[in-house]
1. Would the stretch 86-97 turn up any residue that is over 14 Å from the mean Cα position of the chain (by Cα) and modelled with pLDDT under 80?
2. How many residues, within the stretch 34-69, are free of Cβ contacts under 8 Å to residues at least 60 places away in the same chain, over 20 Å from Ala16 (Cα atoms) and among the hydroxyl-bearing types (Ser, Thr, Tyr)?
3. Take the residues of the stretch 47-76 that are acidic (Asp, Glu) and within 13 Å of the chain's Cα centre (by Cα): which is nearest to Ala15 (Cα to Cα)?
4. Looking only at the stretch 11-30, filter to residues that are farther than 15 Å from Gly72 by Cβ and among the hydrophobic types (A, V, I, L, M, F, W, C); which one of those is surrounded by the most Cβ atoms within 10 Å (Cβ to Cβ)?
5. Looking at this structure, is Lys106 modelled with pLDDT under 80, among the basic types (Lys, Arg) and in a loop (DSSP other than H, G, I, E, B)?
6. List the helices (runs of 4 or more DSSP H) inside the stretch 1-87, counting only whole elements, that have at least 3 residues being on the phi < 0 side of the Ramachandran plot and of a type in the set (Asp, Glu).
7. Val41 versus (1) modelled with pLDDT of 85 or more; (2) farther than 19 Å from Ala66 by Cβ; (3) among the β-branched types (Val, Ile, Thr): which is the lone unmet condition?
8. Find all pairs meeting these conditions: Cβ atoms under 6 angstrom apart; at least six residues apart or on different chains; first residue within the stretch 11-33 and farther than 23 Å from Pro69 by Cα; second residue among the β-branched types (Val, Ile, Thr).
Amino acid sequence: MYAYCGSARGPGGLAARIARHLRLDKARRWHIDHLTTKAPVSRIFWEVDGDECALVDCLLEAGATASVPGFGSSDCRSCPAHLLAVTTSILSAALAGLPTCPLLTKKQIPRGS
């Protein structure tokens with residue numbers, strides 16, 4: 001299982017970014033686009049105003065590994081990758097306290113987040 005850590009600071013914020021990642025018919029602009037058009041997204045975790053690099057650090061400390069160095073972090077100088085190989089126990093340990101939800105459809109994406 002893999003976890004991708006990203007931000008949603010562009011136009012539309014969190015709702016727009018999640019909706020884009022869930023779409024299959026999109027231009028492949030970012031590394032993650034190549035995965036989300038081929039593999040299903042099974043769960044989405046978010047933290048409003050969160051720091052993607054801090055999340056990567058938490059996951060690495062909990063035992064995650066960067067299977068593809070540089071994946072999703074080409075503009076980051078501190079993380080080995082923003083796509084990490086994880087287990088359920090690693091996710092539980094690292095993400096305790098974050099809001100979570102099952103796979104979201106466009107109609108279920110929280111607005112204003």
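1. yes
2. 1
3. Glu47
4. So the residue we want is Ile18.
5. Judged against the criteria, Lys106 is a match.
6. Qualifying helices (runs of 4 or more DSSP H): 52-61.
7. (1)
8. So the pair list comes out as Ala15/Ile109; Ile18/Ile109; Ala19/Ile109; Leu24/Thr37.
The values are calculated or read from the model by the stated rules, or taken from the named source; none is laboratory data. Everything numeric here is computed off the predicted structure, so don't read it as measured data. Positions of Cβ are generated from backbone atoms using ideal geometry, with glycine treated the same way; all protein chains shown enter the neighbour counts.
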